[in-house]
1. Out of all the residues in region 395-412, is one or more in contact with a strand residue (DSSP E or B) (Cβ under 6 Å, 6 or more places away or on another chain) and closer than 24 Å to residue 241 by Cα?
2. Given the criterion modelled with pLDDT under 90, within 24 Å of residue 342 (Cβ to Cβ), of a type outside the set (Asp, Glu) and away from the ligand (no atom under 16 Å from the Cβ), identify the matching residue among 255, 236.
3. Condition first: assigned to a loop (DSSP other than H, G, I, E, B) and either at positive phi or not β-branched (Val, Ile, Thr) (or both). Now tell me which residues in region 237-258 satisfy that.
4. Anything in region 138-162 that is more than 16 Å from the ligand (Cβ to nearest atom) and in a loop (DSSP other than H, G, I, E, B)? List them, or say none.
5. Select from region 41-75 the residues that are more than 19 Å from residue 5 (Cβ to Cβ) and among the hydroxyl-bearing types (Ser, Thr, Tyr) and write down the one among them that is surrounded by the most Cβ atoms within 10 Å (Cβ to Cβ).
6. Take region 206-220 and flag every residue that is over 18 Å from residue 152 (Cβ atoms) and part of a loop (DSSP other than H, G, I, E, B).
7. If you check every pair at least six apart or on different chains, which have Cβ atoms under 7 Å apart with a residue in region 307-325 that is within 15 Å of residue 284 (Cβ to Cβ) first and a residue that is acidic (Asp, Glu) and surrounded by 14 or more Cβ atoms within 10 Å (Cβ to Cβ) second?
8. Considering each of 58, 48, 98 in turn, give the residue that is out of contact with any strand residue (DSSP E or B) (no Cβ under 7 Å at 6 or more places or on another chain), within 24 Å of residue 304 (Cα to Cα) and at pLDDT below 95.
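The values are calculated or read from the model by the stated rules, or taken from the named source; none is laboratory data. Values in this document were obtained by computation on a predicted structure and should not be read as measured data. Don't worry about glycine lacking a Cβ; one is built from the backbone with ideal geometry, like all the others, and counts go over all protein chains shown.
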Amino acid sequence: MRLVIVSNRVTIPDRHEKVMAGGLAVALREALEQRGGLWFGWSGAVSEGAPAPVRQVEHGNVTYAVTDLSEAERQSYYLGFSNRALWPLMHYRLGLTEFQRSDYMGYLGVNRRFARALAGLIKPDDMIWIHDYHLIPLAAELRRRGVTNRIGYFHHIPWPAAEIMGVLPFSATLIRTMAAYDLVGMQTEVDARNLIDGLVSLCGARSDGRRVRLGPRETTVRAFPIGIDVEGFRRLAAASARQATTPLRATRESLGQRKLVIGVDRLDYSKGIVQRLEAFGEFLRDHPEERGRVSLLQIAPPSRSDVPEYADLDRQSDEVAGRLNAQLGEFDWTPIRVVKKAYSRKALAGFYRRAQVGLVTPMRDGMNLVAKEYIAAQDPADPGVLVLSRFAGAAQQMSEALIVNPFDSHEVAEAIRTALAMPKTERIRRFEKLYAIIAATDIDWWTRQYLLALSGEAGAAEALAV
Ligand code: G6P
């Protein structure tokens, strides 16, 4: 069966690309290249003259079919409903949730347009796999056009409790469209349970464990925690450490013997970057003996800068880093380096390996692939320590990390200290357990499990053991 992947953002690979850490794009490309097929979605470009045509580009065994958005569509569908309503709501940030009826109409309009274009490209036995919150109603729109293929959905971000989802106007109408899928994959069991509760309490569905019945359709909802290419990333990190890429060499030279704590995130309020900087400041204040011995490198490529809440975060993170550096720094030591740009995966792998502590402290996160990349990149003979938020989906699997509550700056500060002081034997013990779990549930495992379940192969769904 040919595989058709649909996601909001489609990046056609080119030789000079720089790829950000984590996220949807990296994981999906790896999955599709292994089996070939079609990848459909937004080109990332804006053009006028509606409706924009679909352009097709062949790349290896993958066909990329992309369409532009109009500026009005980008505003309402992408910036508005997806990223000012659904994103904050699903990350439990009610105070940041901005609902506009016109944005919701734009969101439905783009999903309808995508469905129209896609319906003309799919073949009768294609298996369709739709990704993420931008495209929730896409299967319902395809069904209205008579598409009977198996259609799956994977939700990369948290799915909140029904009480939270219920705050969104039209939430019952939106959630109801989930019943058009054959299989809905979530990052964690909690997310899966939350969706089932929402379908039952807000839409009147009936559920029998993981199966939900709404009208004539039956949908299976279950957890498939996403993974990374662990072996590939491990090799990249080892090679990067041997060859010392330019940024890594420069980091080594400028740090000398100092220890390094690293954070790598899109500049997004869900990632807890400002709270993390404050916690690092608290650690240095509480433990003055550590001053001058350790620096925090926060890599934070800008994201969604047209959304006001992201522009606020950009300013706020500069202010906090500037204040802490001014208060705590010395003429020959800068406690915090915030670098707002993207690095190649190879450079990132090298940074992770050089860092004694990986600080992954989102306030809420679907999975968080940086936590997995940090572990994959470590030197098994002298590994660093992962400090991980209990509100990242990854914490459900990675219990040998130092698990913290990112809302408690004191707890994060103490975890940094514990991590820096941890004896090698304990670091190795924790690392080995963490590596084993991320290797057993890597990107291949994730794709295989999901596609087996979507294809409806007998017993496949039951074979899943997380
Ligand atoms: C998260 C979302 C993805 C999204 C990515 C980058 O990982 O789950 O769907 O593509 O962020 O955000 P952007 O808005 O730039 O696509």
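1. yes
2. Details: 236 fails: modelled with pLDDT under 90.
Criteria check complete, one pass: 255.
3. 244, 256, 257, 258
4. 145, 146, 147, 148, 149, 150, 161
5. Among residues in region 41-75 that are more than 19 Å from residue 5 (Cβ to Cβ) and among the hydroxyl-bearing types (Ser, Thr, Tyr), the one surrounded by the most Cβ atoms within 10 Å (Cβ to Cβ) is 70.
6. First, pick out the residues of region 206-220 that are over 18 Å from residue 152 (Cβ atoms): 206-209, 215-216.
The answer is 209, 215, 216.
7. Between residues of region 307-325 that are within 15 Å of residue 284 (Cβ to Cβ) and residues that are acidic (Asp, Glu) and surrounded by 14 or more Cβ atoms within 10 Å (Cβ to Cβ), the close pairs are 320/278.
8. 48
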